[in-house]
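A.B. asks: Below is a structure I'd like to ask you about.
The values are calculated or read from the model by the stated rules, or taken from the named source; none is laboratory data. The structure presented is a predicted model; accordingly, all values stated were derived computationally and were not measured. Positions of Cβ are backbone-derived with ideal geometry, glycine not excepted, and every protein chain shown enters the neighbour counts. Please note that ligands, DNA and RNA were not included when accessible areas were found on the heavy atoms of the full protein model with its side chains. Shrake-Rupley method; radii C 1.70, N 1.55, O 1.52, S 1.80 Å.
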Amino acid sequence: MIDIVIDITLLTFLAITAVAIVRITNLFAIIMLFGIFSFLSATMFVVMDAVDVAFTEAAVGAGISTVLMLATIALTKDQNEKQSVGRISWLPLAVVTLTGTALVYGTLDIPAFGDPEAPAQKHVAPYYIERSVPETGVPNIVTAVLASYRGFDTLGEVFVIFTAGIAVLLLIGDKRRKSTPGRNEGGENDA
Amino acid sequence: MDFIIGHYNYWIAIFLMMAGFYTVISRGNLVKKIIGLNIFQVSVFLLYISMSTVKGGAPPIITKGIEIYSNPLPHVLILTAIVVGVATTALGLALVVRIKEAYGTIEEDEIHRQDHSL
């Protein structure tokens, strides 16, 4: 019972933070709220037993993303979002309401949260839970799948990050050195 | 009541998804658009992890005396997605910095005005 109360409270906090992010116009405040949002979601992942995901989200989502965004507003010197004039204000709202309603309709058939009989728990997951220790010797199943069964996928992920790092360097690395020499470069620390 | 509790996670995930989507399509500031994309991303993570949870289950680390574990496969998928998400965020923010250098603004309306597009 207590974990359901925690679950619902944290999810409600997440929703409130998201609404605040949409409504506030000061970019610094938005980025700080986004850090809070990421930490709340990391807490949510701990509650839902996904501990590996939780610490990745806390370190990468709340940590590095927030630093990168702060570096961006420091470089662009834009502190406030301008209220856009002449945009049709009801159209985006209508689009999201319609899409949201369709998606909620889609959830009505999904098995309830935590249902052990759901098809997702019955297919290949039991294989990994039973066989990962005898086959790889790693007690943490997530690590076993990530580094052993799906090692090549993880290698591909490294390529993706490498490509993104190179692209960031090409976009702002060289240019900034020419225009403002000797300045601390914020966008490169992800490479 | 059971139905509402059983589907609350999914509905909040959809609400967050729509909040992110709304930010992307209705706001002109490029940094705010990227934050909207990030909110969208986190909502997808929540949806996947919600589906992996088993009632009374433990985190998927094999321990003596524990029989029920949560489904580890969505965790692996989302772990990869978080890291790739940060890579794309970094790239998007680098583009924002370049746009600021080229146009002197990060507001979409003003960029369109300078380009005489729209």
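A.B. asks: Amide H to amide H, which residues 5 or more places from B:Tyr69 or on other chains are under 5 Å from it, using H placed in the peptide plane?
C.D. replies: Excluding prolines and chain starts, which carry no amide H, the hits are B:Ala58.
A.B. asks: Okay, next question. Sum up the charges of everything whose Cβ sits under 14 Å from the Cβ of B:Gly36, counting Lys and Arg as +1 and Asp and Glu as -1, but leave B:Gly36 out.
C.D. replies: +2
A.B. asks: Between chains A and B, what is the buried accessible area summed over both chains (1.4 Å probe, protein heavy atoms, nearest 100 Å²)?
C.D. replies: Answer for the A-B pair: about 7500 Å² buried.
A.B. asks: Taking Rh as the Kirkwood radius computed over C-alpha pairs, what is the Stokes-Einstein D of the protein assembly as shown at 37 °C in a medium of viscosity 0.692 mPa s, expressed in µm² per second?
C.D. replies: Rounded, D is 157 µm²/s.
A.B. asks: Follow-up question, since we're still on this one. Across the range A:42-51, in residue order, what do the Karplus-derived ³J(HN,Hα) couplings come to in whole Hz, using 6.51 cos²θ - 1.76 cosθ + 1.60 with θ = phi - 60° and x for Gly and Pro?
C.D. replies: My calculation for the range A:42-51 gives 4, 4, 4, 5, 5, 4, 8, 6, 9, 5 Hz in order.
A.B. asks: Measure off, as a whole percent, the carbon and sulfur share of the 1.4 Å-probe accessible area of chain A, all protein chains present.
C.D. replies: 69 percent
A.B. asks: Heavy-atom accessible area per residue, the range B:2-115, 1.4 Å probe: how many Å²?
C.D. replies: Using a 1.4 Å probe on heavy atoms only, each residue of the range B:2-115 averages 38 Å².
A.B. asks: What is the sum of charges, Lys and Arg at +1 and Asp and Glu at -1, for the other residues whose Cβ falls under 13 Å from the Cβ of A:Asp3?
C.D. replies: Its environment carries a net charge of -1.
A.B. asks: Give me a comma-separated list of calculated 3J(HN,Hα) values for the range A:16-29, in order, Karplus coefficients 6.51, -1.76, 1.60 applied at θ = phi - 60°, integers in Hz, x for any Gly or Pro.
C.D. replies: 4, 4, 4, 4, 4, 4, 5, 8, 6, 10, 6, 5, 4, 4
A.B. asks: Run lengths n ≥ 4 of DSSP H only: what is the helix-derived mean residue ellipticity at 222 nm for chain A, with -39500 (n - 2.57) per run over all residues, to the nearest 500?
C.D. replies: -20000 deg cm²/dmol
A.B. asks: Additional query: Could you tell me how far the Cα centroid of the range B:79-108 sits from the Cα centroid of the range B:17-75, in Å?
C.D. replies: A separation of 22 Å, based on Cα centres.
A.B. asks: Would you compute, for the Cα atoms of the range A:1-80, the largest minus smallest coordinate along each principal axis and list the three values in descending order, in whole Å?
C.D. replies: 48, 26, 10
A.B. asks: Continuing with the same structure: Dividing the alpha-carbon Rg of chain B by 2.2 N^0.38 Å yields what?
C.D. replies: 1.46
A.B. asks: What spacing in nm lies between the two simple spin-label points modelled at A:Glu117 and A:Phe162, each 7 Å away from Cα in the Cβ direction?
C.D. replies: It is 4.9 nm.
A.B. asks: Now a separate question. Provide the net charge surrounding B:Ala58, with neighbours chosen by a C-beta distance below 14 Å and charges set as Lys +1, Arg +1, Asp -1, Glu -1.
C.D. replies: After counting each charged neighbour, the total is -2.
A.B. asks: In terms of solvent-accessible area of protein heavy atoms at a 1.4 angstrom probe, what is the ranking of A:Arg150, B:Arg113, A:Arg23, B:Arg98, highest value first?
C.D. replies: Correct descending sequence by accessible area is A:Arg23, B:Arg113, A:Arg150, B:Arg98.
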